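The values are calculated or read from the model by the stated rules, or taken from the named source; none is laboratory data. All values derive from a computational prediction rather than experimental measurement. Don't worry about glycine lacking a Cβ; one is built from the backbone with ideal geometry, like all the others, and counts go over all protein chains shown.
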């Protein structure tokens, strides 16, 4: 009797395992189908790993496919292994560069327009950008912001309108506000209702995620 019960329990566990696997695969397919390869975030010499980690979480939430990390001048790539949002790195790709020029060359090969954050007379409001088009949004470090080189070589500069005394936002907050505006525009345009990448790329990404 005990052996029969044990055998039945084993079969039940196997069935549950199969069901869990199938549900996980379906979830992965659903999430990958909403990824936005034409929306990229760039971080230039951002010092605080907590900020970088928070950016990854925001990017995951709105379907950003990859984040570009640009670190040079002695700045090291951040160690996110023990940060609370580190798990988001599993689902958001990262591409590393050691110069702005190298990063921008890659972005333009992808057909993306490049916009940096910063307050100047030529800056455009975030809400006036057409974020349904292929675009990369560049955020600078916590102290000096985006570099002069990054601004000069970009296609434009944008600001997040603010009404407070202190016209400044933490980099991770600025990124979250920006990518959620991109999400709003893309959602209204129906871009999350259809796969935004080629079928082969979609299938390959699903396979990679299943193996994680």
### Summary
Taking region 35-68 and keeping only residues that are part of a strand (DSSP E or B) and either under 14 Å from residue 146 (Cβ atoms) or modelled with pLDDT under 95 (or both), one is left with 41, 42, 43, 44, 68
### Query
If you check residue 189 against the conditions, is it touching a strand residue (DSSP E or B) at 6+ places or on another chain (Cβ under 9 Å) and either surrounded by 17 or more Cβ atoms within 10 Å (Cβ to Cβ) or over 21 Å from residue 49 (Cα atoms) (or both)?
no
### Task
Evaluate the following for residue 149: is it more than 23 Å from residue 93 (Cα to Cα), in contact with a helix residue (DSSP H, G or I) (Cβ under 7 Å, 6 or more places away or on another chain), part of a helix (DSSP H, G or I) and in contact (Cβ under 8 Å) with a residue 12 or more places away in the chain?
yes
### Task
For residues that are under 17 Å from residue 52 (Cα atoms) and without any contact (Cβ under 8 Å) to a residue 60 or more places away in the chain, tally how many sit in region 154-181.
4
### Task
Give the residue that is farthest from the chain's Cα centre (by Cα), with candidates limited to residues of region 97-134 that are assigned to a strand (DSSP E or B) and either exposed (fewer than 12 other Cβ atoms within 10 Å of the Cβ) or modelled with pLDDT of 95 or more (or both).
125
### Residue within region 147-155 that is surrounded by 20 or more Cβ atoms within 10 Å (Cβ to Cβ) and under 20 Å from the mean Cα position of the chain (by Cα) present
yes
